Amino acid sequence: MGIENELVGFLESSIKDGANKSRDIEIVKFYYGLNESPWPTLEETASRFGVGTRERIRQLLNSKFRDNVSKSSIPSINDFLEILQSREYWLISEFEEEIYDSEIIEKESQLKGIFNLIDDINLNHGYEFYTPELKRATRNSIATSKNIFLIRKANVKNIEKLFKKAQGLPGRYGIANLTYIKEELGQYYSLVSFLIESSPTSWVRVVGDEYWYIFENKDNTIINYSEKVFSVIEHCDSSRLAETFRNALDRRAYKYPYPPTEIVEEYLRSSVYMVNTGSGLKFIGETTKLNEIEEALLSFFNSSGSVSFPELDKYFTEQGYGRPHILKTTNFSPLVHVDKTKGRRSYVYSLVGYRISEEDGSSDTDAYELYLHRLRALLDGGTDETREQTARKEQHILQEWLFKDKTHECCSVCGQEFSVKTLVTAHKKARSDCNDAERLDPHIVMPVCLMGCDYLYENMYIFIDGNEIKRGLPFPNAKAESKFIEDLVGRTVESQWLLGSKSYFRSPNKALQRSSR
């Protein structure tokens, strides 16, 4: 029958007939999650039905339900618990799908209320709601977090320990590979990977069986390198920077392999701390000072371009530095690019990037950096805040980025010019699928008109592949819409709306995942 039907049947038979019987049944149903509220409370129930205070609702629940119900009154609860306890942990969305498919609860029902019901029947379930940070979920976090987990409470301490180890791994490696500790994680490997992906400050790439990740808000070797390099370098080619950082990592012997250069470069190009400009990568984080021998290195390269090791060795020896310091500063420094293409005896050394500011940035690039700085200032606090509903902190800045001082702009999809009142700040990639770094990139949005393009793009009836608009998901029985879509297919999107990561653009042929599996 399902939980709702059994609960209503029990209430119908146990509550005496009277003027308030229907209202009392609705109050009980509301509090136990058979409604639209994600986290029903006594206060909310009282307010919804205009019935006194939370204490009055508590008394009503006691007299109309709790004092009369038994463990066998609602049989479907046992089916619910059987599915729940078949796993050690669940992603809420997965558990909901399983429960809905079993027809134990309706899709309008809310899990937190069902758990209130289980607790009040005095059945032991042993699970708790947790955020991706392994904090107990609250009403606010349920409303703002994309991923909430149900975890068996007896296992949480052990999971916390394993997750803490995973969080610390990138500190030494720059970018860690979760498979390094896969055996230790055991049955919790998938859960820990979910927790990492669900963190708003994580960067994740999955390549085959390799699971590379970094937390951008934690102390980290790659970020530390950037803080040092960009204290003296204005911009740098991404592949050159990645090669240099990867080479610098090799001086730090450790039991696990460091990330390949390709992964380092992919991270640098998409990092929350980097800006991709026409002249290369620029760093927008805080910088640190060079030490004494690094200052000497910089002085040497001020008067030299590409040099051999004997030239560097002679210079530092004359400065009074010993061989260990010289080798560390030349062969494994994040400041020095080592070209090894001609073999070990012919290494060529040069400064990793460009020191002198060049007037090659356009006003658009300058504006991009300005807005990027404003958006990234939101990072520490997160991009969502909860009032009575979720507010997007960054949205007004993104709108300003697209439309400031404009009365008209062209739709990025159809190309026609509209009043800005007829355009929306559309996310290229669904905002719910973005991590904070992606949400805080001005290039994540583009102007899309409300005359049909916004609907078609959001529902993936059209999508952008490269610079071309293509037909997406089927749209059956839609004559007028099909003609509209036909007119858009094959159109070239203006280059200014294609800036940013290629992964921002959705395709009906791939799942939208932050991890780019």
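The values are calculated or read from the model by the stated rules, or taken from the named source; none is laboratory data. The structure presented is a predicted model; accordingly, all values stated were derived computationally and were not measured. Using ideal geometry, Cβ is built from the backbone for each residue, glycine included, and neighbour counts are taken over all protein chains shown.
At-a-glance table
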{"quantity": "Top-ranked residue of the range 213-238 - restricted to ones that are in contact with a Pro (Cβ under 8 Å, 6 or more places away or on another chain) and over 28 Å from THR330 (Cα atoms), ranked as surrounded by the most Cβ atoms within 10 Å (Cβ to Cβ)", "calculated": "TYR213"}
{"quantity": "Filtered residue count, the range 11-47, keeping only those that are in contact (Cβ under 8 Å) with a residue 12 or more places away in the chain and over 24 Å from SER145 (Cβ atoms)", "calculated": "11"}
{"quantity": "Pair list, Cβ under 7 Å, 6 or more apart: the range 226-245 residue within 13 Å of VAL336 (Cα to Cα), other residue part of a strand (DSSP E or B) and of a type in the set (D, E, K, R)", "calculated": "none"}
{"quantity": "Tabulated pairs, the range 472-494, first closer than 21 Å to SER507 by Cβ, second outside any helix (DSSP H, G or I) and modelled with pLDDT under 90, C-beta under 7 angstrom, 6+ apart or interchain", "calculated": "GLY472/PRO508; LEU473/PRO508; GLU481/PHE475; SER482/PHE475; ILE485/PHE475"}
{"quantity": "Scope the range 239-275; condition crowded, with 20+ Cβ neighbours inside 10 Å and part of a strand (DSSP E or B); matching residues", "calculated": "MET274"}
{"quantity": "Those residues of the range 423-455 which are surrounded by fewer than 22 Cβ atoms within 10 Å (Cβ to Cβ) and more than 16 Å from GLY500 (Cβ to Cβ), in sequence order", "calculated": "VAL424, SER432, LEU450, MET451, GLY452, ASP454, TYR455"}
{"quantity": "Of all residues in the range 68-98 being closer than 21 Å to PHE10 by Cα and β-branched (Val, Ile, Thr), the one that is farthest from the chain's Cα centre (by Cα)", "calculated": "VAL69"}
{"quantity": "Residues located in the range 9-40, provided they are outside any helix (DSSP H, G or I) and either surrounded by fewer than 16 Cβ atoms within 10 Å (Cβ to Cβ) or charged (D, E, K, R) (or both)", "calculated": "LYS16, ASP17, GLY18, ALA19, ASN20, GLU36, PRO38"}
{"quantity": "Some residue of the range 255-272 being β-branched (Val, Ile, Thr) and touching a Leu at 6+ places or on another chain (Cβ under 9 Å)", "calculated": "yes"}
{"quantity": "Failed criterion for PHE95 (all others in (1) surrounded by fewer than 18 Cβ atoms within 10 Å (Cβ to Cβ); (2) in the same structural domain as SER73 (by TED's automatic domain parsing) hold)", "calculated": "(1)"}
{"quantity": "Qualifying residue in the range 117-129 (condition: more than 22 Å from ASN35 (Cβ to Cβ) and of a type in the set (Gly, Ala, Ser))", "calculated": "yes"}
{"quantity": "Helices (runs of 4 or more DSSP H) within the range 278-352 that include 3 or more residues among the polar types (S, T, N, Q)", "calculated": "323-331"}
{"quantity": "Failed condition for TYR89, given (1) touching an Asp or Glu at 6+ places or on another chain (Cβ under 7 Å); (2) surrounded by 18 or more Cβ atoms within 10 Å (Cβ to Cβ); (3) within 27 Å of THR144 (Cα to Cα)", "calculated": "(1)"}
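Let's see how each residue does on (1) under 18 Å from GLY353 (Cβ atoms); (2) touching a Phe, Trp or Tyr at 6+ places or on another chain (Cβ under 6 Å):
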| position | (1), (2) |
| --- | --- |
| LEU178 | no, yes |
| LYS182 | no, yes |
| ILE196 | no, yes |
| VAL206 | no, no |
| PHE215 | no, no |
| PHE230 | yes, yes |
| GLU234 | yes, yes |
| ASP237 | yes, no |
